[in-house]
Structures are given as structure tokens and as C-alpha cells.
1. Quick one: His251 ticks every box in (1) surrounded by fewer than 23 Cβ atoms within 10 Å (Cβ to Cβ); (2) under 15 Å from the mean Cα position of the chain (by Cα); (3) in a strand (DSSP E or B) bar one, so which box is it?
2. Taking into account only those residues within the range 49-77 that are in contact with a Gly (Cβ under 9 Å, 6 or more places away or on another chain), in contact (Cβ under 8 Å) with a residue 24 or more places away in the chain and not in a helix (DSSP H, G or I), which is farthest from Leu244 (Cα to Cα)?
3. Residues that are closer than 22 Å to Lys32 by Cα and either out of contact with any Leu (no Cβ under 9 Å at 6 or more places or on another chain) or at pLDDT 95 or above (or both): find the strands (runs of 3 or more DSSP E) completely inside the range 255-302 holding 3 or more of those.
4. Return the total of residues in the range 112-155 being of a type outside the set (Ser, Thr, Tyr), on the phi < 0 side of the Ramachandran plot and part of a helix (DSSP H, G or I).
5. Search the range 164-192 for residues being of a type in the set (Gly, Ala, Ser) and not in a loop (DSSP other than H, G, I, E, B), and hand back the single one that is farthest from Asp138 (Cα to Cα).
6. Could you list, in sequence order, the residues of the range 81-111 that are in a loop (DSSP other than H, G, I, E, B) and either among the hydroxyl-bearing types (Ser, Thr, Tyr) or in contact (Cβ under 8 Å) with a residue 60 or more places away in the chain (or both)?
7. Filter the range 193-225 down to the residues that are in a loop (DSSP other than H, G, I, E, B), in contact with a Ser or Thr (Cβ under 8 Å, 6 or more places away or on another chain) and more than 23 Å from Ile283 (Cα to Cα) and list them by number.
8. Which one is nearest to Leu109 (Cα to Cα) among residues in the range 235-285 that are of a type in the set (S, T, N, Q), out of contact with any strand residue (DSSP E or B) (no Cβ under 6 Å at 6 or more places or on another chain) and touching a residue at least 40 places away in the same chain (Cβ under 8 Å)?
Amino acid sequence: MKRRNFIQQTAATGAFIGLGGLSLSFSENTKKHITILHTNDVHSHIEPLGPNDPRNPNMGGVARRATLVEQIRAENPNTLLLDAGDIFQGTPYFNFYGGELEFKLMSKLKYDAATLGNHDFDNGLNGLLSQMPHAEFDFISSNYDFSNTILDGQTSPFKIFKKDGVKIGVFGVGVELKGLVNESLYKETEYLDPVEIATEMTRILKQEQNCDLVICLSHLGYEYKNESKISDVLLANQTKDIDLIIGGHTHTFLNKPTILQNLEGKKVLVNQVGCYGLYLGRIDFYLDNGNKVDSSGVSIGV
């Protein structure tokens, strides 16, 4: 099948980070604390909003986010920083620098990974590729098949990170580009069904790679009036083994994660923190001997 062939061809790029990919065993009765920080739809907002902004005066800005991230990392060094797409487009910084500044600043903040949103294609595949050398973090995209484009090999279908011996598998799914982005910008990029891909990714990460936590970076959108349109809510309900869906695209602000049930009736956290870098999402997982025992989350104003 085409979908499976795509995954098999690209899965080799889903590399382990740290300790050569070797699994660590948990000490008896040792609890682990993992913190996930996340953003979405920052849209090239480098500076805070102005004092006269009618809704969010003086909020946001990369410098403030950097301070907050460093404070949390000092509190818990076992932290990942992730982004759910639409890094580009929204201020003159993108129009002038084409994404270079965004990627350089994200690298300064030591982002671990990001997925791609529809606006990240606004300068076309060539524009995106030309800026990727400025990104010192991984691009994770599972359901965009770039094999017939210049982005072939530039993204990974998944990544496995290790923090304090905990294996954290991350994969990414994006919104359908057709009808949303001019075809000349994404060219031969092929969109693959997010539910099918998520099912395959979770099988690989949970069953083959024995990940303790599985995170989906999603740029599908939180929920739609058209209940048949795939969204984070539907993805959570129609899959299994995902612990957290970090969302984007609909600019939905949640002050804490939504708790949903998956196919097996188990808990899935879904979070999204609006847009423009006004908030930083924080999710804390607590594990005992590799088993998730508790979780909590909050959106923090920047």
C-alpha cells in the first residue's frame, strides 16, 4: 500500500535522541517528571503586542517566552519545547526575512521539534527549504509525503526523545493543503489520511519502539461545526495510544487541556494555546516505573 510504503521509506529518519537510542530501565519505585512546553500559530510575532491592542495589550514576544522557558527548564530539566505549526506569516518580519528570523530565534530558545502548518508553505517549497538551515531543531511531518519534492528527506515522520530515561515519541499531522494553499506552493506534496497515519505512527512508537509517552503535533484544528471534518477532537476519539495532542490551526485558546477518551476509553489530553505567542502551554506528566500515573496542564500568559 502506498501509505505503508511511504512510512517504511521515511521511518528510518525517525532517530533516537540521546544515549544512542538504547532503552533505559526504570528503577523500582522511582517516579519521573516530564514537562512538555508548546506553542502554535505564532505567525512571525517576534515582539509583544502594543499597549493599545484591544484584546491583549503588551502580551507575547519572543524575549518574554525565552525567560519563561528558561525558568521552567531550571525547575525541571526534563523538559521538551515543541511547536504545532504556522511559524510563518503575520508580520513584516516574515515579509522581509522570509522566515530566517523565526527559525533563528526558535533555535536560540532551543526548541526540540516543530510540525508544519499551512502558512509555512507561503513562500513555497523553495522558500521553506532555503530557511531550514537556520533551524537547529527537527521538523516532524508524518502525513505530508514529500518524496517527489525538494523537501524529500528534510523532515522526519517521528522522533524519539529521551528525558531521565523516559522515551517520548513525537509525530506530526497537518491539515489538507488542497483548497487552502495554492498548489504552486506545495507542488507534488501528497496529503495522507491523518487517522490512518496516526494509527501507524502510534503502532510504531508504542509497540515497536516501546515509548512511554506518545505526543502528536497537530495542525488539523481543534474542532469544527462540520463534525465529519477531521480535527484534534476526532483524532483523539478515533485512535489509541496517544497521550497528548498539541494542536494548532484554529487559534483555539484553552486555559487547560481538554480531556477526551480514545478508542479504548483511555484518557487523551488535547491542548492549544491560541496564537501569536501570547501563551505558552505547559503539560506535566508523572510516571512510575514507566507507567503514566498522573498529568496536569495549564496555559501560561507570556
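1. Condition not satisfied by His251: (3).
2. The extreme case among them is Leu49.
3. Numbers: elements: 258-261, 267-271, 279-288, 291-301.
Filter on the range 255-302 gives 267-271, 279-288, 291-301.
4. Number satisfying all stated conditions: 13.
5. The residue in question is Ser184.
6. Within the range 81-111, Ala84, Gly85, Asp86, Gly90, Thr91, Tyr111 meet the criteria.
7. As a first pass, look at the range 193-225 and keep what is in a loop (DSSP other than H, G, I, E, B): 193, 209-212, 220-225.
Retained after the next criterion (residues that are in contact with a Ser or Thr (Cβ under 8 Å, 6 or more places away or on another chain)): 210, 220-224.
Within the range 193-225, Tyr224 is the sole residue that qualifies.
8. Step one: of the range 235-285, the residues of a type in the set (S, T, N, Q) are 237-239, 250, 252, 255, 258, 261-262, 271-272.
With out of contact with any strand residue (DSSP E or B) (no Cβ under 6 Å at 6 or more places or on another chain) added as a condition, the list becomes 237-239, 250, 252, 261, 272.
Right, trim to touching a residue at least 40 places away in the same chain (Cβ under 8 Å) and you get 238-239, 272.
Working: Gln238: 34, Thr239: 32, Gln272: 20 Å.
The selected residue is Gln272.
The values are calculated or read from the model by the stated rules, or taken from the named source; none is laboratory data. Keep in mind it's a predicted model, so treat the numbers as computed, not measured. Neighbour counts run over all protein chains shown; Cβ positions are idealised from the backbone, glycine included.
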